[in-house]
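For reference, the structure is listed below as structure tokens.
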Amino acid sequence: VSFDVNVTATSCKHGNKSQFELSASSFGRVQVDLDIICKCDCESFGIPDSPTCNGNGSLVCGNCECDEGWSGEFCQCDAQQFSDITTDKCKSSNETGALICSGNGECKCGVCRCKLVPFHHHLKQ
């Protein structure tokens with residue numbers, strides 16, 4: 001099970017720390033501790049049309065900020081073709097309750113990306 005959480009600080013004080021708790025009825029609770037960074041020196045320097053962002057965005061502070069019409073972690077998804085919100089292409093059927101990627105991955109640009117299964121190999125000596 002994975003959760004995606006986006007947090008935006010509504011205020012900024014030097015040395016600001018905060019925490020909150022996430023809970024899901026069948027998964028328990030997780031405490032999230034935040035160290036809020038109010039300003040990053042790299043914010044003033046962006047690399048437009050960065051190869052890291054597939055030429056479809058600027059690399060700012062190690063993350064891609066996609067140009068309009070592009071999305072995805074590396075600006076690899078053409079928004080005219082795919083939407084991060086619309087995941088119908090990643091469902092085996094249009095039935096209500098159909099799992100995205102059969103519950104075994106995430107939908108990225110209309111394609112299922114399988115979760116990696118940990119492999120534990122014990123060597124005999």
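Any read-out appearing in this document is the output of simple, stated calculations on the displayed coordinates, not a laboratory observation. In this text the structure is predicted, and so the values were computed from the model without any measurement. No Cβ is skipped: glycine too gets one built from the backbone with ideal geometry, and neighbour counts run over all protein chains shown.
Here are the numbers for the structure shown:
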read-out: Sequence-distant residues sharing a close amide H with GLY105 (under 5 Å, placed H); value: LYS115
read-out: Mean Cβ count within 10 Å, highest first, over the residues of peptides 25-32, 70-77, 46-53, 58-65; value: 70-77, 58-65, 46-53, 25-32
